[in-house]
Amino acid sequence: MPNCPTTFLEHKRCVVHIARKAAESMTEFMGNALPIDLDAVIAGAILADVGKLLEYEKVNGKTQPSRRGEMLRHPFTGVALAIECGVPDAVCHIIAAHAAEGELVRRTTEAYIVHHADFMAFLPFKSLEK
Ligand SMILES: [Fe+2]
């Protein structure tokens, strides 16, 4: 996003904290009806964008979108990285389903939480764009 007033790291931190607090509130009020794996939520929120590191490359000192990133958005490359590292399937599912691609799958409760936390910490900035 051109001239974005926040950083990727601030976004990531915000998503993790929103997701954790949302999961805790949901557990407090609906825990008997809706069990939530808080560890999966936190791990998924931390790792959801790990594939972003493959969406860009440095060419002559300038960062630009990579060919791989154009072919495979970060939910796909993120899952590939996570599986290679032995990340549990429940967390890989969150990585896979956190973005728009997740509209096509049946999200777990944990994936819904991370998806909404991610969009809460992203979409308002889209509205600031002119
Ligand atoms: Fe993402």
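Some notes on this structure:
- Condition met for Met1 (part of a loop (DSSP other than H, G, I, E, B) and either closer than 15 Å to Thr109 by Cα or open to solvent by 80 Å² or more (accessible area, probe 1.4 Å) (or both)): yes
- Some residue of region 113-126 being touching a residue at least 60 places away in the same chain (Cβ under 8 Å), under 22 Å from Glu10 (Cβ atoms) and not in a helix (DSSP H, G or I): yes
- Val59 falls short of the stated requirement of being out of contact with any strand residue (DSSP E or B) (no Cβ under 8 Å at 6 or more places or on another chain), touching a residue at least 40 places away in the same chain (Cβ under 8 Å) and not aromatic (Phe, Trp, Tyr).
- Members of region 108-130 that are within 14 Å of the ligand (Cβ to nearest atom) and either open to solvent by 20 Å² or more (accessible area, probe 1.4 Å) or touching a Cys at 6+ places or on another chain (Cβ under 6 Å) (or both): His116, Phe119, Met120, Ala121, Phe122, Leu123, Phe125, Lys126
- The residues of region 71-87 that are in contact (Cβ under 8 Å) with a residue 24 or more places away in the chain and either open to solvent by less than 80 Å² (accessible area, probe 1.4 Å) or not in a loop (DSSP other than H, G, I, E, B) (or both), listed by number, are His74, Pro75, Phe76, Thr77, Gly78, Val79, Ala80, Leu81, Ala82, Val87.
- From Ala100, Ala90, residue being more than 13 Å from the ligand (Cβ to nearest atom), open to solvent by less than 80 Å² (accessible area, probe 1.4 Å) and either in contact with an Asp or Glu (Cβ under 7 Å, 6 or more places away or on another chain) or free of Cβ contacts under 8 Å to residues at least 40 places away in the same chain (or both): Ala90
- Just one residue in the set Pro35, Pro65 is surrounded by fewer than 13 Cβ atoms within 10 Å (Cβ to Cβ) and within 16 Å of the ligand (Cβ to nearest atom); that residue is Pro65.
The values are calculated or read from the model by the stated rules, or taken from the named source; none is laboratory data. Keep in mind that this is a model prediction, so the values were computed, not measured. As a convention, Cβ positions derive from the backbone with ideal geometry for all residues, glycine included, and neighbour counts pool all protein chains shown. Only protein heavy atoms, including side chains, enter the accessible area calculation; ligands, DNA and RNA are left aside. Shrake-Rupley method; radii C 1.70, N 1.55, O 1.52, S 1.80 Å.
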